[in-house]
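Colleague: The structure follows.
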Amino acid sequence: MLFLSALNPKRLLQALIVLVIALIVGAGLFTTPANADSVGDINGPGVSGNVRVDGEPVAGVRMIVEGGGYSAETVTDANGQWFIGVPSKDPTYNVTIDESTLPEGVVVLEGEPTQQVTLDRGDRVVKNFFIGEGVRNVVSFGDQLIARLVYGLNFGLMLGLAAVGLSLVFGTTGLSNFAHSEMVTFGAVAALILGSTLQLPMWVAIPAAVLLSGGFGWALDAGLWKPLRKRGLALVQLMIVSIGLSLAVRYIFQYFIGGGTEQLPGFDAPKIPLFGSVALSVTDLVSMALSLIVIGAFAWWLMRTKTGKATRAISDNPDLAAASGIDVDKVIRVVWIVSAAMAGLAGVLWAYFRPGIKWDMGAQILLLIFAAVTLGGLGTAFGALAGAIVVGVLVETSSLFIPADLKYVGALVVLILVLLFRPQGLLGRKQRIG
């Protein structure tokens, strides 16, 4: 007791938090798939199969099914059989057999270890791999790490588009907008309606969806946020309103597009081997290039244009900016439009990255967007971009060390650790509160 009383209470609290985080991560590192032959609803749609070598069943082979934002895995039973239930029969699913769990000297002889299946004609489909004795092509850890870094950069750039918009709104208004996730979803849904329902070319549908997203941001500020600001509502009250708005808009999306997963045209573009084990589709390459172009254009707008400079001035000191003759309400209106447009573009790219569009797709990455903004530094647009890239890379590379189901947790753990020792974030400035 004397030893504990001599410790700095702040240091003791930090040590306890780090210990709890270490226990959580440690539990995740030692988590293994359940030894069962079926996962999910056994009475619903799903994918099943048999794993046999020379007619003999093979137990303990790991099978993975991914698609439409859904991922599940199981292992074969004593009869070599397995089943994984899926939430919808609409998307195309990737089925992967983990060759490292096959007996020594047994490999997939025809095709790749990951193959696609569709459930268009029925609720269930059987997928069997042709396996037998052969030489296994093992991908080195270095090649896997490089591939994950590339995928993480792609994810981080997409995440950065949404994070920068959220950071702009926070910097100019002080609002933590939980409805930002629905702006992400709005862009994807708009592209779905224009590209799939109205069957416009995607090079027309995507820019139009971004413009509609910007209009959505304008309507929200004109019809909701500006009147609430005029009434003098506190930031906590505005944040609660944003939570309610998020839930309302989310279920409006569900009412119109349903609870299933929809796909944009071109989501199944074939992968092109680039170098090592890195393989990207044309859609992935265009997504990365488009993200870089938009981020570059945004940086020029923020640093060089009159409105961008006014935005930075309001973020630093809104009262002084207003006293200097800047029309604060007009700049905030522009910020909402830019923020919503970038979030809408992020939603379209997220729909291709997942792949698939769901009514709650934006909410699935909302915590990662907040993590990126906080990690980079609250209210700093370039900090949000840096934080998003860090989060994206951590999310993708962490799956090399921990189960895929826990990969989002790793990024949030790093966020907590950074804030313990640098509360202002990577590019934020120290500020006195109170």
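Colleague: In segment 313-332, how many residues are surrounded by fewer than 17 Cβ atoms within 10 Å (Cβ to Cβ) and either in contact with a strand residue (DSSP E or B) (Cβ under 7 Å, 6 or more places away or on another chain) or part of a helix (DSSP H, G or I) (or both)? Steps first, please.
Modeller: Here is the first cut: in segment 313-332, the ones surrounded by fewer than 17 Cβ atoms within 10 Å (Cβ to Cβ) are 316-317, 319-320, 322-325, 327, 329-330.
Those still in the list that are either in contact with a strand residue (DSSP E or B) (Cβ under 7 Å, 6 or more places away or on another chain) or part of a helix (DSSP H, G or I) (or both) too: 316, 319-320, 322-323, 329-330.
Matching residues across segment 313-332 total 7.
Residues checked against (1) at pLDDT below 90; (2) farther than 18 Å from Gly356 by Cα; (3) buried (at least 23 other Cβ atoms within 10 Å of the Cβ):
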position: Arg148; (1), (2), (3): yes, yes, no
position: Val169; (1), (2), (3): no, yes, yes
position: Thr185; (1), (2), (3): no, no, yes
position: Ala191; (1), (2), (3): no, no, yes
position: Leu194; (1), (2), (3): no, no, no
position: Phe216; (1), (2), (3): no, yes, no
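Colleague: Out of the residues in segment 105-146 that are in contact with a Phe, Trp or Tyr (Cβ under 7 Å, 6 or more places away or on another chain) and crowded, with 16+ Cβ neighbours inside 10 Å, which is modelled with the highest pLDDT?
Modeller: The qualifying residue modelled with the highest pLDDT is Val117.
Colleague: When Leu345 is evaluated against the numbered criteria (1) crowded, with 24+ Cβ neighbours inside 10 Å; (2) within 11 Å of the chain's Cα centre (by Cα), which criterion, by number, is the only one it fails?
Modeller: If we test Leu345 against (1) crowded, with 24+ Cβ neighbours inside 10 Å; (2) within 11 Å of the chain's Cα centre (by Cα), just (2) comes out false.
Colleague: From the list Gly356, Gly344, exactly one residue is within 30 Å of Gly67 (Cβ to Cβ), at pLDDT 90 or above, touching a Gly at 6+ places or on another chain (Cβ under 7 Å) and small (Gly, Ala, Ser). Which is it? Reasoning before the result, please.
Modeller: Details: Gly356 fails: at pLDDT 90 or above.
Every option except Gly344 fails the conditions.
Colleague: Can you tell which of Ser287, Ser315, Ser291 is out of contact with any Leu (no Cβ under 7 Å at 6 or more places or on another chain) and among the polar types (S, T, N, Q)? Walk me through it before giving the result.
Modeller: Values: Ser287 fails: out of contact with any Leu (no Cβ under 7 Å at 6 or more places or on another chain); Ser291 fails: out of contact with any Leu (no Cβ under 7 Å at 6 or more places or on another chain).
The unique qualifying residue is Ser315.
Colleague: From Leu368, Leu385, Leu375, grab the single residue that is more than 15 Å from the chain's Cα centre (by Cα), assigned by TED's automatic domain parsing to the domain that holds Ala248 and under 18 Å from Ala411 (Cα atoms). Break it down into steps so the answer makes sense when it comes.
Modeller: Working: Leu368 fails: more than 15 Å from the chain's Cα centre (by Cα); Leu385 fails: more than 15 Å from the chain's Cα centre (by Cα).
Leu375 is the lone residue from the list that is more than 15 Å from the chain's Cα centre (by Cα), assigned by TED's automatic domain parsing to the domain that holds Ala248 and under 18 Å from Ala411 (Cα atoms).
Colleague: Among the candidates Ile243, Ile295, Ile272, single out the residue that is within 20 Å of the chain's Cα centre (by Cα), surrounded by fewer than 15 Cβ atoms within 10 Å (Cβ to Cβ) and in the same structural domain as Arg229 (by TED's automatic domain parsing). Explain how you work it out, then say what you get.
Modeller: Values: Ile295 fails: surrounded by fewer than 15 Cβ atoms within 10 Å (Cβ to Cβ); Ile272 fails: within 20 Å of the chain's Cα centre (by Cα).
After applying the criteria, what remains is Ile243.
Colleague: Would you check if Ile337 is in the same structural domain as Leu228 (by TED's automatic domain parsing) and outside any helix (DSSP H, G or I)?
Modeller: Working: in the same structural domain as Leu228 (by TED's automatic domain parsing): yes; outside any helix (DSSP H, G or I): no.
In short, no.
Colleague: If you take the residues of segment 383-434 that are among the hydroxyl-bearing types (Ser, Thr, Tyr) and modelled with pLDDT of 80 or more, which of them is surrounded by the fewest Cβ atoms within 10 Å (Cβ to Cβ)? Steps first, answer last, please.
Modeller: Taking segment 383-434 and keeping what is among the hydroxyl-bearing types (Ser, Thr, Tyr), we get 397-399, 408.
With modelled with pLDDT of 80 or more added as a condition, the list becomes 397-398.
Details: Thr397: 18, Ser398: 23.
Selected residue: Thr397.
Colleague: Still on this structure: Could you say which residue among Met288, Met239, Met303 is without any contact (Cβ under 8 Å) to a residue 12 or more places away in the chain and not in a loop (DSSP other than H, G, I, E, B)?
Modeller: Numbers: Met288 fails: without any contact (Cβ under 8 Å) to a residue 12 or more places away in the chain; Met239 fails: without any contact (Cβ under 8 Å) to a residue 12 or more places away in the chain.
Step by step, each of Met288, Met239, Met303 is checked, and only Met303 is without any contact (Cβ under 8 Å) to a residue 12 or more places away in the chain and not in a loop (DSSP other than H, G, I, E, B).
The values are calculated or read from the model by the stated rules, or taken from the named source; none is laboratory data. All of these numbers come straight from a predicted model, not from anything done at the bench. Cβ: placed from backbone, ideal geometry, glycine included. Neighbour counts: every protein chain shown.
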